[in-house]
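Visitor: So that we are looking at the same thing, I have put the structure below in structure tokens.
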Amino acid sequence: MKNPYLPIPMILKKAEIETSDRLLRTLELGFKNKEDEESFRFIPGQFCELSILGKGEAPFGIASSPIEKTALKFTINKAGVVTTALHQIEAGSEIGIRGPLGNGYPIDFFEGKNLLVIGGGFAFTTLRSLVAYYLHPENRTKVKQITVVYGARMPGLLLYKDELLEWEKRDDIKLVTTVDWGDKDWKGKVGLVPNVLEEIAPSSENTCAVICGPPIMIKFTFPKLVALRFPNERIFTSLEKRMKCGIGKCGRCNIGHLYVCKDGPVFSYAQLEKLPKDY
Amino acid sequence: MMFNLDKKDFDHFLKDLLETHDLFAPVQLTEGVSVFKKIDNPGEVSLSQLVPQKSAKEVFFPQSEVMFRYQIAGNQGPTVSEQKIERERILLGARPCDIEAISIIEKVFTGEDYTDVYFAEKRKRTTIIGLGCNHPLSTCFCSSTGGGPFNRAGSDLFFTDLGDAYFVELLTEKGMAFRVNKFFKEADSEDLGLMKEIEDKASQKVDRTVPVEGIEKRLDLMVESPFWDRAHEKCIGCGVCTFLCPTCHCFDITDEAVNQKGQRVRNWDSCLFPIYSLETSGHNPRPTGRERTRQRLMHKFNYYPKNFGRVACVGCGRCILYCPVQFDIREALVYASAKRGKGRKGKFK
């Protein structure tokens, strides 16, 4: 019997601080064992449990796309015991992971449609995985127009800034960035994500919307999408809950009869409408 | 196959089992308090208490369990070691409700995508000897949840206390392994008659009126009901009902480490604790007792049935017996089942 609780060993290849508040650090991990690398297949939106033995483990969305073979990326918000350890760990050290876990984004359902990606703050990780996946030449024809609306409190808090600049230069993706407070160099929009969304009013025709951000942002974005005539079945969000096992056993992350770890983390708004508001 | 085991031979029977098996059975810790423990000598076994405080789930899913140990050794990376189960196991003297509950937890811990190896390994290596309940308690309502004081489902062998002997039934392949046992004598028709009589008497005693049937559908309509505002009022969130519940299976995972050595441990947890769902950001999706009480009851009578087709309650009554504020799950079920406009106006105490 394979033990799903045993982490597989990874080596930290590179780590980088992403934001001006220094609370977000991106880790690039490589597999220690060749056979683990070969059997590891994931789709954007899935997550892993990262563990540092002696400190514990916690779930993080995969920020790299399945196309990037170089490393598995995670962006860690420093908040508690495990995440602090993940901020302190040095390149060359070993980190355990379990995964990939969860359902991921419904990429089959997205096929042939336009994609509207709405992100807020440091929840942009799996959205980055999704966008990077479709921007790869191999996959670019799988969806039509890609629109990204990405907001943070301040310009310095946006993740993956170099990549955002790259995206801006391309003509096959429309990127709208917004902040609550700009600085003198800020050229994007100023305003909350739901309001910016209302302002740019993307068409809902043949379009799927994917939202990931703080609960308060998700709450105010849903009605804006509904007003833009997005049907509930074409609005998706990735949820987080306090999680332990990641495989639907420990009971902690349920919303109604579904588990965020196993049946999610990606849910359609149509699904969520039928569930208790336990999130 | 049916046998008779004389109580005079019972200790010898257990002694023989101990030669070849790890034996788990109820042990009395103090007057009126018994739990399931690993047995070292036959004298420890105490089958007198009908519902031991802690259920038999502990034999498969211990309150605190080491998942693996590790040693961090310089640049080599850590070495991880798991403990294996050495011997075959026997669970003796579990009551039908506890045995039913094991199958309820099993559905969660096994399953299509992932198998909880810690539970599954113990389950696979365990033979279950069930024991009928001659004198059910006033808090027992197993007959309302699909079981009964002599429900044999899940037992490999089943014992009925006939007074000076046990009536023994071998029910499964694992049970049939006991067909040659020097302490088992062929049961006669008198034994069989007595067993039937005891079973009938006990079955009549158990409350069948708790409205469990159809509860899933009724609760579908009650997610935002004002009932939950009342239901949680007296609950102090101590969590005893969830710890003693034979079907509750939530756990927490933590690391315990000193210097270079450590272990990853899982511990029972409870949805009634605020910290259970509290997130690092400070956000708590179940901020008050209302949401937590709703979670406990909905999980048993709505969420679990949606996933597995039966309620996750076996009517053992422990949550009623040991609740410090007399929260009675039966009352809650009656209230939830009353017709709109009638019972709903009634008082939930």
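Visitor: Mean-square fluctuation check for chain B, GNM, Cα pairs under 10 Å: which of B:135, B:12, B:283 is largest?
Guide: Largest GNM mean-square fluctuation: B:283.
Visitor: Hey, if you put +1 on the Cβ of every Lys and Arg and -1 on every Asp and Glu Cβ in the protein assembly as shown, which of A:213, A:190, B:153 ends up farthest toward the positive end of that dipole?
Guide: A:190
Visitor: Check cross-link reach from residue B:84 to the aspartates and glutamates: straight Cα distance under 12 Å, and skip same-chain residues fewer than eight apart.
Guide: Of all the aspartates and glutamates, those that pass the test against residue B:84 - Cα under 12 Å, at least 8 places apart if same chain - are B:121.
Visitor: Looking at the range A:161-249, which GluC sites (Glu not before Pro) are DSSP coil and have at most 15 other C-beta atoms within 10 Å of their C-beta?
Guide: Loop-located and lightly packed - A:205.
Visitor: Suppose every Lys and Arg Cβ carries +1 and every Asp and Glu Cβ carries -1, with no other charges. What dipole size does the protein assembly as shown come out with about its Cα centre, to the nearest 20 debye?
Guide: Values: 88 positive and 81 negative charges, 360 e Å.
Dipole about the Cα centre, nearest 20: 1720 debye.
Visitor: Pull out a ≥ b ≥ c, the square roots of the eigenvalues of the alpha-carbon gyration tensor of chain B, then state rounded if a/c is under 1.5, prolate if not and a/b is larger than b/c, and oblate in the remaining case.
Guide: Details: a/c = 2.17, a/b = 1.14, b/c = 1.91.
Here chain B falls in the oblate category.
Visitor: While we're on this one: Please list, in order along the range B:221-238, the HN-Hα scalar couplings obtained from phi with the Karplus expression 6.51 cos²θ - 1.76 cosθ + 1.60 (θ = phi - 60°), rounded to whole Hz, x for Gly and Pro.
Guide: Listing the rounded values in order: 8, 10, 4, 9, 5, x, 3, 5, 4, 7, 4, 8, 3, 8, 5, 9, x, 6 Hz.
Visitor: Also, quick follow-up: Residue by residue through A:54-60, how many Cβ atoms from other chains fall within 10 Å of the Cβ on average? The partial results should precede the final answer.
Guide: Working: counts 13, 4, 6, 4, 1, 0, 0.
That works out to 4 on average.
Visitor: Let me ask you something else. If you find the alpha carbon centre of the range A:219-271 and of the range B:211-270, how far apart are they in angstrom?
Guide: Between the Cα centres of the range A:219-271 and the range B:211-270 lies a distance of 21 Å.
Visitor: Here's a follow-up. Take peptides B:78-85, A:78-85, B:238-245 and line them up by average Cβ neighbours within 10 Å, highest first, as a rough protection proxy.
Guide: Highest mean packing first, the order is B:238-245, A:78-85, B:78-85.
Visitor: For chain B, calculate the relative contact order in percent as a whole number, restricting contacts to Cα pairs under 8 Å that are 6 or more residues apart.
Guide: About 20 percent, as a whole number.
Visitor: Sort B:297-310, B:94-107, B:146-159 by the packing proxy (mean of other Cβ within 10 Å over each peptide's residues), most packed first.
Guide: Highest mean packing first, the order is B:94-107, B:146-159, B:297-310.
Visitor: Explain nothing, just the number: dipole magnitude of the range A:144-279 about its Cα centre with +1 on each Lys and Arg Cβ and -1 on each Asp and Glu Cβ, in debye rounded to the nearest 20.
Guide: 580
Visitor: Ok, one more. Which Cα, out of A:134, A:253, A:104, lies furthest along the positive dipole direction of chain A (beta carbon charges, K/R +1, D/E -1)?
Guide: Positive-most Cα among the choices belongs to A:253.
Visitor: Still on this structure, I have one more. Inside 10 Å of the C-beta atoms of B:275-281, what's the mean count of C-beta atoms belonging to other chains?
Guide: Mean partner shielding for this stretch: 5.
Visitor: Rounded to whole Hz and in sequence order, give me ³J(HN,Hα) for the range B:259-264 from the Karplus expression 6.51 cos²θ - 1.76 cosθ + 1.60, θ = phi - 60°, writing x for Gly and Pro.
Guide: Calculated HN-Hα couplings, in order: 6, 9, 10, x, 8, 9 Hz.
Visitor: Continuing with this model, one more query. Please report how far the C-alpha centroid of the range B:130-180 lies from that of the range B:20-35, rounded to the nearest whole angstrom.
Guide: 18
Visitor: Per residue of the range B:184-200, in order, report the coupling 6.51 cos²θ - 1.76 cosθ + 1.60 (Karplus, θ = phi - 60°) as ³J(HN,Hα) in whole Hz, putting x for Gly and Pro.
Guide: Each residue of the range B:184-200 in turn: 8, 10, 3, 6, 9, 5, 5, 4, 4, x, 5, 4, 4, 4, 4, 4, 4 Hz.
Visitor: Name the residue, out of B:189, B:48, B:34, whose mean-square fluctuation peaks in a Gaussian network model built on chain B with Cα pairs under 10 Å.
Guide: Sorting by GNM fluctuation, first place goes to B:189.
Visitor: Using modelled amide H (1.01 Å from N, peptide plane; none on Pro or chain starts), what sits under 5 Å from the amide H of residue A:211, excluding residues fewer than 5 places away?
Guide: Distant-sequence amide H within range of residue A:211: A:118, A:236, A:237, A:238.
Visitor: Can you find, among A:77, A:43, A:116, the residue sitting farthest towards the positive end of the charge dipole of the range A:1-135, where Lys and Arg contribute +1 and Asp and Glu -1 at Cβ?
Guide: A:77
Visitor: Considering amide H positions built from the backbone, and no H for Pro or chain starts, which residues 5 or more places from residue A:177, or on another chain, come under 5 Å of its amide H?
Guide: Residues meeting the amide H criterion: A:150, A:189.
Visitor: Mind putting a number on the dipole of the range A:8-101 about its Cα centre? Charges go on the C-beta only, +1 for Lys and Arg and -1 for Asp and Glu, and I need it in Debye to the nearest 20.
Guide: My answer is approximately 100 debye.
Visitor: What order, most packed first, do the peptides B:194-205, B:315-326 have when packing is the mean number of other Cβ atoms within 10 Å of each residue?
Guide: So the peptides B:194-205, B:315-326, ranked by packing, come out B:315-326, B:194-205.
Visitor: Per-residue mean of other chain beta-carbon atoms within 10 angstrom of the beta-carbon, peptide B:247-258? Kindly include the intermediate steps, with their values, before the conclusion.
Guide: Numbers: counts 0, 1, 3, 7, 6, 6, 11, 5, 9, 2, 5, 1.
Across the residues of B:247-258, the mean count of other-chain Cβ atoms within 10 Å is 5.
Visitor: Another one. What trypsin sites (Lys or Arg not before Pro) does the range B:159-191 have in DSSP loop regions with at most 12 other beta carbons within 10 Å?
Guide: Sites meeting the loop and neighbour criteria: B:179, B:182.
A short reminder: the numbers here are calculations on the coordinates, not readings from a lab. Please read all numbers here as calculations on a predicted model, not as lab measurements. With ideal geometry, Cβ positions are generated from the backbone for all residues, glycine too; neighbour counts draw on all protein chains shown.
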